[in-house]
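Participant: Can you read through this structure? Questions will come right after.
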Ligand SMILES: [Zn+2]
Ligand SMILES: [Zn+2]
């Protein structure tokens with residue numbers, strides 16, 4: 001590990017984790033297996049990231065129904081309880097579908113994820129931690145009255161609502177998962193104090209089908225929903241160019257008190273559910289950009305969440321170990337060899353070796369938007385559509401920085 005360009009250690013950083021978090025698991029054969037979390041935390045541990053003097057591991061209790069009701073309908077919460085304890089399928093509330101099968105204890109398992117994100121948001125807001133990471137969170141598809149896309153309760157939205165209630169004037173949410181952050185967007189659609197910004201594979205090719213550039217927020221909140229739908233096949237250079245062309249300018253303009261980010265790593269070229277072609281190195285670069293942005297704009301108040309990511313061995317553990325490294329001011333050098341202790345666990349469980357380095361060997365370079373617009377390039381046209389849709393609403397010039 002090297003102290004590259006990161007900020008110096010500026011206080012403890014909270015990492016949400018306990019073995020209880022492994023209960024959020026939809027069962028055999030479902031992509032959302034908690035094996036992804038187990039392998040991530042093992043890798044972070046084996047890299048020494050959780051033993052640093054500034055790292056505080058924090059477990060979480062089960063969120064109360066009153067807390068969940070900040071962003072969910074009471075009838076939906078009651079339906080999750082019934083599904084969880086009595087096995088009652090409720091398709092009207094999205095419970096018992098292929099994406100969201102019910103399982104015993106699903107209420108407690110998801111409510112614990114919510115509590116982890118809410119506790120972390122408050123710790124950041126009250127200055128008890130410099131940053132916080134909850135890789136078990138980022139359940140961005142959960143809707144006010146329905147489970148959706150492997151998400152039961154929306155921990156990100158609950159954390160944001162809690163920040164507003166605690167006195168934050170404005171909160172920015174930046175979601176770089178391959179899928180549109182539709183649940184968070186919907187919950188804050190009419191809320192001018194919350195910016196939701198999602199960079200994702202186009203809804204024409206991927207669930208949930210929303211997140212078009214023209215979705216810019218409800219009445220009284222125009223310009224506080226920002227969507228960057230990218231073409232299938234977009235790789236590091238285009239993905240990072242798009243993030244860089246829009247996210248910093250919009251977040252600076254919004255001037256939030258806290259930054260909440262969602263780091264779903266299903267943007268990776270090996271992800272089985274999506275069609276973007278981002279690398280571990282690109283994902284690491286995005287985490288660094290957002291970390292720097294938090295120090296610049298929100299005085300470091302940053303809550304980083306996990307999200308999607310279904311390449312359980314080859315992608316998720318490395319991507320989120322890098323995220324933990326960035327957030328705890330112990331950035332992992334990409335050339336670092338993956339610890340043998342971790343690889344032997346993979347060998348035991350999967351009968352193969354797993355990745356040997358913390359890099360995909362990419363340089364994560366991109367040319368900035370100021371280098372010029374190429375009308376023949378699909379990514380550039382997507383960037384331009386979003387800038388044209390949003391920038392005038394928030395007093396920015398879509399054609400110039
Ligand atoms: Zn920092
Ligand atoms: Zn996703």
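Participant: Return 219, 120 ranked ascending by Cβ neighbour count within 10 Å, so the fewest neighbours appear first.
Facilitator: Ascending Cβ contact count within 10 Å gives the list 219, 120.
Participant: Sorting 324, 102 on the 10 Å Cβ count, fewest up front, what's the list?
Facilitator: Exposure proxy ranking, most exposed first: 102, 324.
Participant: Tell me the relative contact order for the chain as a rounded percent, counting alpha carbon contacts under 8 Å between residues six or more apart.
Facilitator: RCO, the chain: 19 percent.
Participant: Once you sort the root eigenvalues of the Cα gyration tensor of region 18-96 as a ≥ b ≥ c, which label holds: rounded (a/c under 1.5), prolate (a/b larger than b/c) or oblate (the other case)?
Facilitator: Since a/c reaches 1.5 but b/c is at least a/b, the shape of region 18-96 is classed as oblate.
Participant: To the nearest µm²/s, what D does Stokes-Einstein give for region 149-235 at 10 °C and 1.306 mPa s, using the Kirkwood radius over alpha carbon pairs as Rh?
Facilitator: Estimated diffusion coefficient is 121 µm²/s.
Participant: Could you work out the relative contact order of region 276-381, using alpha carbon pairs under 8 angstrom and six or more residues apart, expressed as a whole percent?
Facilitator: 30
Participant: With a ≥ b ≥ c taken as the square roots of the eigenvalues of the C-alpha gyration tensor of region 150-199, please select rounded if a/c is under 1.5 and otherwise prolate if a/b is larger than b/c or oblate if it is not?
Facilitator: In terms of gyration-tensor shape, prolate.
Participant: Rounded to whole Å and ordered largest first, report the semi-axes of the equivalent ellipsoid of region 165-305 derived from its Cα gyration tensor (root of 5λ).
Facilitator: 23, 18, 12
Participant: Report relative contact order for region 157-216 in percent, whole number only (criteria: Cα-Cα under 8 Å, sequence separation at least 6).
Facilitator: After rounding, I find 33 percent.
Participant: If you don't mind, there's one more thing I want to ask. Among 52, 105, 325, determine the one that fluctuates most according to a GNM of the chain built with springs between C-alpha atoms less than 10 Å apart.
Facilitator: Residue with maximal mean-square fluctuation among 52, 105, 325: 52.
Participant: I need the calculated FRET efficiency for the pair residue 75 and residue 356, taking r as the beta carbon distance and R₀ as 51 Å, to the nearest 0.05.
Facilitator: 0.55
Participant: Which distance in Å, rounded to a whole number, links the C-alpha centroids of region 327-350 and region 207-232?
Facilitator: The two parts, judged by their Cα centres, are 36 Å apart.
Participant: Separate question: Report the Cα-based extents of region 70-229 along its three principal axes, largest first, to the nearest Å.
Facilitator: Principal axes ranked by extent give 42, 42, 27 Å for the Cα atoms.
Participant: Shifting gears a bit: Can you sort 302, 125, 189 from fewest to most other Cβ atoms within 10 Å of each residue's own Cβ?
Facilitator: Ordered from fewest to most neighbouring Cβ atoms within 10 Å, 302, 125, 189 come out as 189, 125, 302.
Participant: Related question: Between residue 347 and residue 59, what's the calculated FRET efficiency when r is the beta-carbon distance and R0 is 41 Å? Round to 0.05.
Facilitator: The computed FRET efficiency comes out at 0.90.
Participant: On full extension of the chain, what length is gained from residue 397 through residue 371, given 0.36 nm per residue of separation minus the C-alpha to C-alpha distance?
Facilitator: Computed gain between residue 397 and residue 371 is 7.7 nm.
Participant: Any chance you could tell me what percent of the C-alpha pair distances in region 320-401 go past 18 Å?
Facilitator: 65
Participant: While we're on this one: Rounded to the nearest 500, what is the 222 nm mean residue ellipticity of the chain from helices alone, with -39500 (n - 2.57) per DSSP H run of 4+ residues and division by all residues?
Facilitator: Mean residue ellipticity, 222 nm, calculated: -11000 deg cm²/dmol.
Participant: Could I ask something else about it? With just the Cα atoms defining each centre, how far is region 21-50 from region 84-115? Give it in Å.
Facilitator: Result: 19 Å between the Cα centres.
Participant: Can you list the residues of region 182-196 with backbone N under 18 Å from a point 7 Å past the Cα of residue 222, pointing along Cα to Cβ?
Facilitator: 189-196
Participant: Can you give the FRET efficiency for residue 20 and residue 340, using 1/(1 + (r/R0)^6), R0 = 35 Å, r = Cβ-Cβ distance, to the nearest 0.05?
Facilitator: Taking R0 as 35 Å, the efficiency between residue 20 and residue 340 is 0.80.
Participant: Under the rule a/c < 1.5 gives rounded, and otherwise a/b versus b/c splits prolate from oblate, where does the chain land using the Cα gyration tensor?
Facilitator: Because its axes are fairly even, with a/c under 1.5, the chain counts as rounded.
Since every read-out is calculated from the coordinates, none of them should be taken as a lab result. None of these values were measured; they are calculated from a predicted model. Here Cβ is always computed from backbone atoms with ideal geometry, including for glycine, and neighbour counts include all displayed protein chains.
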